[in-house]
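**Student:** Have a look at the structure that comes next, please.
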Amino acid sequence: ALPISRRKLSPDGQGVDGLARGFRVPTGMGVDPEGDHIYVSGQEGQWVPASKITIVPIGEDRQPWLGVSQTRDKPFDTFVQPFIWMPRELDNSTGGQLVVHDERFGPLDGKLMHVSFGKGWIYYHMQEEVDGVTQGAVVALPFQFDAGVQRLRVNPADGQVYVVGLTGWDAEATERDGNLSRVRYTGRPAYLLTETHVRNDGIELVFSFELAAERAAAVAHYTVARWKYRWTSNYGSAHWSLDNPGVTGNDAVRVRSAVVAEDRRSVLLMMDDVRPV
């Protein structure tokens with residue numbers, strides 16, 4: 001599939017402005033008018049190591065380039081990094097995005113959500129900005145839809161999220177050709193991870209409920225791994241070791257301790273050697 005551009009049409013229909021280019025099969029786009037962000041997905045494939053979601057820079061002098069070339073040569077040495085990469089096991093084909101702005105959706109009000117064409121799943125995100133760079137984390141909700149999902153919207157009548165989609169090239173866990181479903185907040189307690197914060201000495205996890213302090217402080221309950229991707233014209237990328245360059249696979253990261261906050265709403269996973277990949 002060839003990379004395409006995202007363009008903005010003027011209200012009178014007479015003009016078109018290019019916003020960004022270098023996408024690979026972006027089957028969804030989300031606009032957050034309150035946060036003034038445009039989110040666009042990208043599918044794993046040539047020049048895309050894994051499925052991703054990018055915040056499109058707006059107002060720059062030149063069109064931002066998101067990394068996909070129409071040739072086997074890179075036109076630039078770098079590209080606009082996504083705020084999150086997602087391994088194939090989590091999302092192998094990303095659909096649309098939506099920022100929920102309705103308090104009737106409970107603890108996920110205000111969260112960026114996205115759906116998967118390949119998995120038939122729905123996810124929510126946590127984001128933080130560090131030195132002008134947005135990074136994030138993603139959680140899959142425990143729902144398996146009957147088909148792949150491409151679009152999601154909030155219904156103003158009930159404040160809940162409705163999803164729609166179809167099964168296409170990848171039907172590994174789906175059963176039907178199409179799907180229309182509602183994801184609703186029941187009002188019952190929701191046990192959710194609500195914030196993640198990366199620090200020099202570890203990662204802080206914030207929850208929507210009080211933790212059992214003794215269990216939350218047991219390092220045996222946590223598993224952390226890291227890896228790198230390679231940006232090439234090949235289809236996708238293997239996981240590559242950071243500790244052993246040139247070797248494929250994930251690196252296990254030791255959690256030295258898990259420090260539970262006094263209010264028992266968060267835990268800091270203390271780790272050595274926290275660095276970018």
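**Student:** Add -39500 (n - 2.57) for each DSSP H run of 4 or more in the chain, then divide by its residues: what number comes out at 222 nm, to the nearest 500 deg cm²/dmol?
**Tutor:** Helix-only estimate at 222 nm: 0 deg cm²/dmol.
**Student:** May I pose another question? If you take the beta carbon distance between Asn250 and Gln81 as r and set R0 to 30 Å, what does 1/(1 + (r/R0)^6) give as a FRET efficiency, to the nearest 0.05?
**Tutor:** It comes out at approximately 0.90.
**Student:** Sticking with this one: Give me the net charge of Arg265's neighbourhood, meaning all other residues with Cβ under 12 Å from the Cβ of Arg265; Lys, Arg count +1, Asp, Glu -1. Before the final figure, lay out each step's value.
**Tutor:** Values: positive: Arg264; negative: Glu195, Glu204, Glu210, Glu262, Asp263.
Combined, the nearby Lys, Arg, Asp and Glu give -4.
**Student:** Under a 1.4 angstrom probe, counting protein chains only, how are Leu98, Leu180 ranked by accessible area, largest first?
**Tutor:** Ranked list, largest accessible area first: Leu180, Leu98.
**Student:** If I take all pairs of Cα atoms in region 120-183, what percentage of them are more than 17 Å from each other?
**Tutor:** 51
**Student:** Separate question: Give, as a single signed number, the net charge of other residues whose beta carbon lies under 9 Å from the beta carbon of Ala50, with Lys and Arg counted +1 and Asp and Glu -1.
**Tutor:** Residues close to Ala50 contribute a combined charge of 0.
**Student:** Here is a further query. Output the Cα-based Rg and Dmax of region 205-255 in Å, rounding Rg to one decimal and Dmax to a whole number.
**Tutor:** In Å, with Rg to one decimal and Dmax whole: 16.3, 48.
**Student:** Taking the Cα centroid of region 137-205 and of region 250-277, what is the distance between the two, rounded to the nearest whole Å?
**Tutor:** What the calculation gives is 26 Å, centre to centre.
**Student:** Which order do Asp77, Asp12 take when ranked by solvent-accessible area (1.4 Å probe, heavy atoms of all protein chains), largest first?
**Tutor:** On the way: Asp77 145, Asp12 100 Å².
My answer, sorted largest first, is Asp77, Asp12.
**Student:** Now, a different point. Describe numerically, in nm with one decimal, the distance between label points set 7 Å from Cα along Cα→Cβ at Thr71 and at Ser10.
**Tutor:** Each label point is offset 7 Å from its Cα along the Cβ direction, giving 3.3 nm.
**Student:** Here's something else I'd like to know. Taking only the alpha-carbon positions of region 1-107 and ignoring solvent, what does the Debye formula give for the base-10 log of I(q)/I(0) at q = 0.22, 0.23 Å⁻¹?
**Tutor:** So the normalised log intensities are -1.25, -1.33.
**Student:** What's the Cα-based Rg to Rh of the chain, Rh via Kirkwood?
**Tutor:** With Rg and the Kirkwood Rh in hand, the quotient comes to 0.97.
**Student:** Compute the convex hull volume of the Cα atoms of region 126-277, divide it by the residue count, and report the result per residue in Å³ as a whole number.
**Tutor:** 192
**Student:** What is the distance, in nm, between label points placed 7 Å from the Cα along the Cα-to-Cβ direction at Ala238 and at Arg153?
**Tutor:** Taking the simple label geometry, Ala238 and Arg153 are separated by 4.5 nm.
**Student:** May I pose another question? If the chain between Arg62 and Val31 were fully stretched, how many nm would it gain, using 0.36 nm times the residue separation less the Cα-Cα distance?
**Tutor:** So the extension gain works out to 9.1 nm.
**Student:** Which value, in Å² rounded to 10, gives the accessible area of Glu89 with a 1.4 Å probe and all protein chains present?
**Tutor:** Taking all protein chains as shown, Glu89 has close to 120 Å².
**Student:** Rolling a 1.4 angstrom probe over the protein heavy atoms, how many square angstrom per residue are accessible across region 7-104?
**Tutor:** Working: 4990 Å² over 98 residues.
That works out to 51 Å² per residue.
The values are calculated or read from the model by the stated rules, or taken from the named source; none is laboratory data. Just so it is clear, the model here is predicted, and its values are computed rather than measured. When we count neighbours, we look across all protein chains shown, and the Cβ atoms used for this are built from the backbone with ideal geometry, even at glycine. Side chains are part of the model used for accessible areas, which takes the heavy atoms of the whole protein and leaves out ligands, DNA and RNA. Shrake-Rupley method; radii C 1.70, N 1.55, O 1.52, S 1.80 Å.
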